[in-house]
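Since every read-out is calculated from the coordinates, none of them should be taken as a lab result. Predicted model only: the values in this text are computed from it and were never measured. We place every Cβ from the backbone using ideal geometry, glycine too, and count neighbours over all the protein chains shown.
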Amino acid sequence: MKQIYSCLFFIVFTLMLPAQNITKKFTISGYMKDSLSTEALISATVHDLETLSGTSTNQYGFYSLTLPAGEVNLAFSYVGYASKIRKFNLKKDTIIHINLSGSEHLQEVEITANKVERIQEKTQMSSINVPIAQIKSLPAFLGEVDLMKVLQLMPGIQSGGEGTSGLYVRGGGPDQNLILLDGVPVYNVSHLFGFFSVFNADAINNVEILKGGFPARYGGRISSVIDINMKEGNMQKFHFEGSTGIVASRLTLEGPIWKDRTSFIISGKRTYIDLLAKPFITIANKQNDDETINVGYYFYDLTAKINHKFSDKDRIYLSAYMGDDKFYANYKYDHEYDYDKNKMGLKWGNITSAFRWNHIFTNRLFSNITLTYSQYRFLTSADYWYRERDWNGMEEIYQDFYNGIRYKSGINDWSGKISLDYIPSPNHYIRFGGNVIYHTFNPGVLASEIDDLSLDFGGDKIYAYEYSFYAEDDVKLTNKLKINLGIHWSGFNVRKQFFSIIQPRLSARYLLTDQLSVKAAYSRMGQYIHLITNSNVGLPTDLWVPTTNRLDPQTSHQVAIGLAQNFRNKYEISLEGYYKTMDQVLEYKEGSTFFDVGGNWEEKIQQGDGRSYGIEFFAQKKVGTLTGWIGYTLSWTDRIFENINGGKRFPYKYDRRHDLSIVATKMLTPKIELSAVWVFGTGNSITVPIGIYELSDPSNGGTPETYYEYGERNSYRMDPYHRLDFNISFIRKRGQYERKWIIGVYNVYNRKNPFFIDIHSKYRSDNGIPQVKYEYAQYSLFPIIPSVSYQFKF
């Protein structure tokens, strides 16, 4: 409690400091938006060219800047948009709403380019923001634009494997990434067993990923934060946007319900693999007219949002997302008295929803209250009906029987959060707030039914509360030194036990020159919920479980230091080194798997420690006809568990020594756009047998049995991974209508990248004596794959 009181005192004391000198100072505030779509411009900058004081907009586009009375010369800027200048005599608090005109290929930002906050001036490090237009222009697997695959191209972020959308950030696992969609955590972000992500780029306004140097307002995970903001909906006019490709189609509609007051956006995506393949599967498998065979797979996403403006001080937002994957295989045989029916299915998906209320208490104090609900669920089922014929001594009788099995798991969250932004002066940007989450964990129940007899195996539901409070101040101490100082406290109440973690955060930047700065950061992170998974299972068998008296919370410590430089206001370059430790990470015990139905899940897992360290280089160009980036990572990641690998450290399965990506988009002419991506990565670490023996089994009549001897864990590396993807887009515009034909090629030079390695046996005769030779065999997944897609908007 003393620590909590100290935090509260820190907040109050910090808030009181700037109030000492407000004589002849007034505040300019308002919103910055896109002039056509009316979408909020997030992290746009506002600078006074006279005093060089400035600020940036928050995630709702709101800004506040306090300046001395007198003549001001304000520059409003955003990357890729034409800047605006406002000159006037500041005599009182003033509200100015600014709409900027955007261009995806603006050559350069004139007038204000040397005044806006550039990468070397920002306190935040280990952060990357990728423009949505650039994401949608890059080559995509099977023509499907995928946000998560683009993030895999960033330094410090590895993919889980060929074609998958999983993220492993600075040595962390997928469960250690806090993925927020309009402030709501999304627990499973994959479709098609990981080949696509759930996010529709047409409905997204802004994406930011944080790999370290975490501000105090974020918490709950220990490796990364991916903050995704949905579009708000156009308040001026209706707008359609969509695309169709070889595996899926998507459509987005937005527009005003009440012009300048209320807007909406609704966006949907569905694959039609099942519809296209169904007739061919039926023809190929059907043996006679009494059989019915139905096999298929599909996924869909549906996103919606309503935005209403009550006044310049009050706005509400209601947003929701729902998406599912479903695989099914049904067989039915019905002929006279013979009856046989099988149904098998896999289904998993997310639901998220949020209600948010923005209120401006004063022109310096902005608040956001959020109520959310989120759900992740996984269900697998198998049902079998059949009919048996018997003789009761006098006549034939027929009896119907049923066997069924179901496995389900999931997590439900209800949450309430309040956050406040207080901007007392250009030298302080203070944020503080709190959050409470009510968790319901269903850690896996297996239900079996035979006629009227039902049996259940697995753990009971677990209920828990998670709390957090934070305070941070982004403060400019001198013209050269700026720091972000904060503290995040979290608590977790489960099974009458209470856990808490205090998490200090500190980031700083020091300007060596106007174009070059050195940055440093330290952060401690805590995590109370965990994902236990078996790496050998290619299904979404995610078991989300809480911290308990037998399972400690995960924590991490991370330090980072780096350099950031801006060249000619077009190129941003950063070089960072980091060292990160992770405590109480999870792994299945040797011999335990997802499919074990006996015992409690807490008995199947163990905890250990991990670490990751490395160097990251990132060079990015966001404006002009040629845009893109180069990212390189040199890193080491390992784990240590008491009962795995003899208690010795071993490389993590996605430890990757070298990781390189080169991304480029070129507007060749106003009608032709080229884009390409080349990636290279050291092969994944795996465990393979180092010896194979065949021994006779006396209990089985002397039949030879094969035994494998394994070496140290993950001691073998697969071949390096590299691939080139290419797109060419043909664009045509007529007034408000734009259409784009995209021809893409995945894996242009048909590289046979390793997906997994197996052992093959070959038999041969040596002087009439049969010999067996064993060898490793590499399997690849995707060869060269062409694709065609059509995009439109009007």
Given Lys231/Lys480; Lys122/Lys570; Lys347/Lys417; Lys149/Lys231; Lys313/Lys793; Lys648/Lys752, which pairs have Cα atoms separated by over 25 Å?
Lys231/Lys480; Lys347/Lys417; Lys313/Lys793; Lys648/Lys752
List the trypsin sites (Lys or Arg not before Pro) within the stretch 302-368 that DSSP assigns to loop and that have no more than 15 neighbouring Cβ atoms inside 10 Å.
Lys313
With a ≥ b ≥ c taken as the square roots of the eigenvalues of the C-alpha gyration tensor of the stretch 291-366, please select rounded if a/c is under 1.5 and otherwise prolate if a/b is larger than b/c or oblate if it is not?
prolate
Compute the length gained on full extension between Tyr763 and Ile462: take 0.36 nm times their separation in residues and subtract their Cα-Cα distance, giving the result in nm to one decimal.
103.0 nm
Residue by residue through the stretch 515-528, the couplings from Karplus 6.51 cos²θ - 1.76 cosθ + 1.60 with θ = phi - 60°, in Hz, x for Gly and Pro, are 10, 9, 9, 10, 10, 8, 8, 9, 8, 10, 10, x, 8, 9
Would you mind pulling out the separation of the Cα centroids of the stretch 480-535 and the stretch 194-224, in Å?
15
What nm distance separates the two modelled labels at Arg568 and Glu694, each placed 7 Å from Cα along Cα→Cβ?
6.8
The stretch 137-249: C-alpha gyration tensor shape, a/c 1.5 cut-off, then a/b vs b/c
oblate
Using a 7 Å offset from the Cα along the Cα-to-Cβ direction at both Tyr776 and Asn89, what is the distance between the two label points in nm, to one decimal?
7.9
If you add up the charges near Gln558, with Lys and Arg at +1 and Asp and Glu at -1, over every other residue whose beta carbon is less than 15 angstrom from its beta carbon, what do you get?
+4
Please work out how much length the chain gains when fully extended from Leu575 to Tyr707, using 0.36 nm per residue of separation minus the C-alpha to C-alpha distance, in nm with one decimal.
42.7 nm
For the stretch 505-511, 3J(HN,Hα) per residue [Karplus equation, 6.51 cos²θ - 1.76 cosθ + 1.60, θ = phi - 60°, Hz, x = Gly/Pro]
9, 8, 10, 8, 9, 10, 6
Any idea how far the Cα center of the stretch 43-102 sits from the one of the stretch 716-739, in Å?
37
Taking a ≥ b ≥ c as the square roots of the Cα gyration tensor eigenvalues, with a/c under 1.5 meaning rounded and otherwise prolate when a/b beats b/c or oblate if not, the stretch 190-243 comes out oblate
